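Engineer: Dumping the structure here so I can ask a few things about it.
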Amino acid sequence: LAARAQRVLAGGVSSDARRMPGVPLFVDHAQGAHLIDVDGTRYVDYVLGQGPAILGHSSPVVAAAVAAQARRGVVYSAQHEAEVEVAEAVCRLVPSAERVRFNSVGSEAVHGALRLARGHTGRAKVLKFEGHYHGWFDPVLYSVHPDLSRAGDPHAPSAVGGTGGQQLSSSADLVVAPWNDLAALTAIVDREGTDLAAIILEPILCNTGVIMPKPGFLEGVQKLCADIGALLVFDEIITGFRMAPGGAQEYLGITPDLATFGKAMAGGMQLSALVGKAEVMDDIATGKVAHAGTFNSHPVAIAAAKATLAVLDEQRDVVYPTLFDLGNRLAEGLRAAAARTGVPLLVTGPGPVVQTYVTEATEVSDYRDFAATDRATMARLHQLLLDRGVNIVPRGLWFLSTAHTADDVDQTVAVAEEALAAL
Ligand code: PMP
């Protein structure tokens, strides 16, 4: 399969994020917390499709909704009741959501948010933070990701469109600031001030380490935005519906002007959302800012979202404690296994996502700290885990789902101890 893939798929894959050394994992099917590969090997899966499968793979609830809708029509490009119901659920659950527009994938929702911010404010520039990933569309693909930005220089506004920085371009309209450093941000905002349409961020950084905002940092960002009349945009494509029914904004208690959602929202189907204050979203309603997409509010994806959001909302008292408990159990188990094997492993994360780093450091508070960890050894650990039936995101990211059990986690910790010892 790998050889056939190499002959017809560029690089043998459909996403650079899946390119890994050796023979890649070819999945036969996925069920609950497990992937089963084409050789019949079973893996405990902490990738979950890069986060979406929050109810586990092939959740009966999601699968039934998808099958039922497929029989009633796969695509309409017309209004249908479930679209309104999902929008109502999002507005009820998400603090910043007074109005919603649906797209298919996260990158599109971010594109829509930045376009709207520019149209609404009449300003061109957008500020983002080092290491924060907002999708793979060129205008935001700077200094984002160790795999996607020029090696070794987290500040280089350089690598667009490829690994290793082969294809370079730059955008005068993107300003990049360090995360968790209010003094540095204030200086940059003072300089750029009235040209900034928006500040966009992952409210809990999940793409280059899992890093909480320092106490007061997001409040400071929000105040800077208010002072200069820029919009605050939370990119909740990972954190949305994962940290709480209302995302990181509910979990952290800060309401942005606009926010983007994707991944977990539809339990594994492709659905993203741009949400925000009615006053801002009205620029879409009036046609001042264009918003389009053939597959927007795709009926099958909407059906999956309706089913997923019903579970997350109605069973919130079980779902969220479960995700946090499993993640904390995993984190504590990994810390103990690392201590026993003498590997310097730092484990962070609020539970529904967990991050492991090979480093002597006791804290990682921004992208530069993350970039300074031993990522080559982390990649080897990923491979050792995979060889032993545990699948994680290669850079050391672990997603939990409601389908994982305490037994899955305990077995994983035992396997991880073997892998750490082998390391
Ligand atoms: N924003 C964030 C925070 C993400 O994590 C991702 C995907 N990893 C995106 C945007 C892009 O979403 P998609 O891959 O669905 O286009």
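The values are calculated or read from the model by the stated rules, or taken from the named source; none is laboratory data. Just so you know, these numbers come straight off a predicted model, no measurement behind them. Ideal geometry is used to build each Cβ from the backbone, glycine not excepted, and the neighbour counts take in all protein chains shown.
Engineer: Consider Gly56 carefully, then state whether it is out of contact with any Gly (no Cβ under 8 Å at 6 or more places or on another chain), of a type outside the set (A, V, I, L, M, F, W, C) and modelled with pLDDT of 95 or more.
Structural biologist: Judged against the criteria, Gly56 is not a match.
To keep it simple, each residue is scored yes or no on (1) surrounded by 21 or more Cβ atoms within 10 Å (Cβ to Cβ); (2) over 25 Å from Leu397 (Cβ atoms); (3) assigned by TED's automatic domain parsing to the domain that holds Val354.
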residue	(1), (2), (3)
Gly40	no, yes, yes
Asp45	yes, no, yes
Gln50	no, no, yes
Gln69	yes, yes, no
Val75	no, yes, no
Val84	no, yes, no
Glu88	no, yes, no
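Engineer: Consider the stretch 223-263. How many of its residues are of a type in the set (Gly, Ala, Ser) and more than 13 Å from the ligand (Cβ to nearest atom)? Can you show your working first?
Structural biologist: Of all residues in the stretch 223-263, those of a type in the set (Gly, Ala, Ser) come to 226, 229-230, 240, 244, 246-248, 253, 259, 262.
Among the residues that remain, those that are also more than 13 Å from the ligand (Cβ to nearest atom) are: 226, 229-230, 244, 246, 253.
Number satisfying all stated conditions: 6.
Engineer: Report yes if Val364 is at pLDDT 95 or above, surrounded by 18 or more Cβ atoms within 10 Å (Cβ to Cβ) and farther than 13 Å from Ala331 by Cα, otherwise no.
Structural biologist: In short, yes.
Engineer: Okay, moving on. Condition first: assigned to a strand (DSSP E or B), in the same structural domain as Arg115 (by TED's automatic domain parsing) and farther than 16 Å from His134 by Cβ. Can you find one or more residues in the stretch 240-251 that meet it?
Structural biologist: No, that holds for no residue.
Engineer: Return the total of residues in the stretch 102-119 being buried (at least 23 other Cβ atoms within 10 Å of the Cβ) and either under 14 Å from Lys288 (Cα atoms) or more than 10 Å from the ligand (Cβ to nearest atom) (or both).
Structural biologist: 6
Engineer: Further question: Name the one entry in Ala379, Ala361, Ala339 that is in the same structural domain as Arg18 (by TED's automatic domain parsing), at negative phi and free of Cβ contacts under 8 Å to residues at least 12 places away in the same chain.
Structural biologist: Sole residue among the options that is in the same structural domain as Arg18 (by TED's automatic domain parsing), at negative phi and free of Cβ contacts under 8 Å to residues at least 12 places away in the same chain: Ala339.
Engineer: What is the one condition in (1) modelled with pLDDT of 95 or more; (2) surrounded by 15 or more Cβ atoms within 10 Å (Cβ to Cβ); (3) aliphatic (A, V, I, L, M); (4) more than 27 Å from Thr41 (Cα to Cα) that Ala403 does not satisfy?
Structural biologist: Exception for Ala403: condition (4).
Engineer: Pull up the stretch 198-222, narrow it to residues that are away from the ligand (no atom under 16 Å from the Cβ) and either small (Gly, Ala, Ser) or farther than 22 Å from Arg115 by Cα (or both), then point me to the one that is surrounded by the most Cβ atoms within 10 Å (Cβ to Cβ).
Structural biologist: Only one residue tops the list, namely Phe217.
Engineer: Same structure, new question: Hey, among the residues in the stretch 357-383 that are touching a helix residue (DSSP H, G or I) at 6+ places or on another chain (Cβ under 8 Å) and of a type in the set (A, V, I, L, M, F, W, C), which one's nearest to Ala422 (Cα to Cα)?
Structural biologist: Residue satisfying both the conditions and the ranking: Leu381.
Engineer: At negative phi, of a type in the set (A, V, I, L, M), out of contact with any Asp or Glu (no Cβ under 8 Å at 6 or more places or on another chain) and free of Cβ contacts under 8 Å to residues at least 40 places away in the same chain: does that describe Ala109?
Structural biologist: So Ala109 fails the test.
Residue-wise test of (1) within 21 Å of Gln31 (Cβ to Cβ); (2) modelled with pLDDT under 95.
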| position | (1), (2) |
| --- | --- |
| Thr348 | no, no |
| Leu384 | no, no |
| Arg395 | no, yes |
| Asp408 | yes, no |
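Engineer: Give all pairs with beta carbons closer than 8 Å in which a residue from the stretch 201-215 that is free of Cβ contacts under 8 Å to residues at least 12 places away in the same chain meets a residue that is of a type in the set (S, T, N, Q) and assigned to a loop (DSSP other than H, G, I, E, B); count only pairs at least 6 apart in sequence or on separate chains.
Structural biologist: none
Engineer: Would you please name the residue that is farthest from Ala416 (Cα to Cα), looking only at residues in the stretch 291-333 that are touching a strand residue (DSSP E or B) at 6+ places or on another chain (Cβ under 6 Å) and assigned to a helix (DSSP H, G or I)? Working first, answer last.
Structural biologist: Within the stretch 291-333, the subset touching a strand residue (DSSP E or B) at 6+ places or on another chain (Cβ under 6 Å) is 291, 293, 296-297, 301, 304, 308, 327, 330-331.
Narrowing further to those that are assigned to a helix (DSSP H, G or I): 301, 304, 308, 327, 330-331.
Working: Ala301: 35, Ala304: 34, Thr308: 31, Gly327: 15, Leu330: 10, Ala331: 11 Å.
Across the stretch 291-333, the extreme among qualifying residues is Ala301.
Engineer: I would also like to ask the following. Can you tell me which of Gln69, Gln79, Gln31 is within 30 Å of Thr255 (Cα to Cα), more than 16 Å from the ligand (Cβ to nearest atom) and of a type in the set (S, T, N, Q)?
Structural biologist: Gln79
Engineer: Residues that are under 22 Å from the mean Cα position of the chain (by Cα) and of a type in the set (D, E, K, R): does the stretch 73-83 have at least one?
Structural biologist: No; the residues of the stretch 73-83 include none that is under 22 Å from the mean Cα position of the chain (by Cα) and of a type in the set (D, E, K, R).
Engineer: Restricting to the stretch 52-80, what's the tally of residues that are part of a helix (DSSP H, G or I) and either basic (Lys, Arg) or in contact (Cβ under 8 Å) with a residue 12 or more places away in the chain (or both)?
Structural biologist: Looking only at that region, the number is 10.
Engineer: If you don't mind, another one. Of everything in the stretch 100-123 that's outside any helix (DSSP H, G or I) and touching a Leu at 6+ places or on another chain (Cβ under 9 Å), which residue is farthest from Ala303 (Cα to Cα)?
Structural biologist: Arg123
Engineer: Would you point out the residue of the stretch 5-32, among those that are under 22 Å from Leu271 (Cβ atoms) and small (Gly, Ala, Ser), that is surrounded by the fewest Cβ atoms within 10 Å (Cβ to Cβ)?
Structural biologist: So the residue we want is Ser15.
Engineer: Still on this structure, I have one more. Looking at the stretch 384-413 only, could you name the residues that are in a helix (DSSP H, G or I), touching a helix residue (DSSP H, G or I) at 6+ places or on another chain (Cβ under 9 Å) and free of Cβ contacts under 8 Å to residues at least 40 places away in the same chain?
Structural biologist: Leu384, Leu385, Asp387
Engineer: Just checking, how many residues over the stretch 247-261 are within 17 Å of the chain's Cα centre (by Cα) and surrounded by 23 or more Cβ atoms within 10 Å (Cβ to Cβ)?
Structural biologist: Residues flagged as within 17 Å of the chain's Cα centre (by Cα) and surrounded by 23 or more Cβ atoms within 10 Å (Cβ to Cβ) within the stretch 247-261 amount to 7.
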